[in-house]
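S.K.: Submitted below is the structure of interest, expressed as structure tokens.
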Amino acid sequence: MELHKEIASWLSKFKLIPPNSKALSINSEIEDLVAIIRDGVVLCQVSSIDLYINHTNINIVISSLFDFQV
């Protein structure tokens, strides 16, 4: 599974994006996920979830997404 689809799935499991989000469709592209998280609202919600996340891995994912030019 492509990384952007895994991220969208994870966000959906925690109800941070709606189940009908374009980022969850079979034909989704990374641009669909970037469009959802670009304004920072979802990322702020993610930071409020009390889970242990490997700091290095999440930084790599976030950096990869924001370095992507839409």
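S.K.: Starting from the Cα of Lys22, step 7 Å along the direction of its Cβ; do the same at Glu2; then give the gap between the two resulting points in nm.
M.R.: Calculated label separation equals 1.4 nm.
S.K.: At 0.36 nm per residue, and after removing the present C-alpha to C-alpha distance, how many nm does the segment from Glu31 to Ser12 gain when stretched out fully?
M.R.: Net length gain for the segment: 5.2 nm.
Values quoted throughout were computed directly from the atomic coordinates according to the rules given, and no laboratory measurement underlies them. What you see is a predicted model, and the numbers here were worked out from it, not measured in a lab. Using ideal geometry, Cβ is built from the backbone for each residue, glycine included, and neighbour counts are taken over all protein chains shown.
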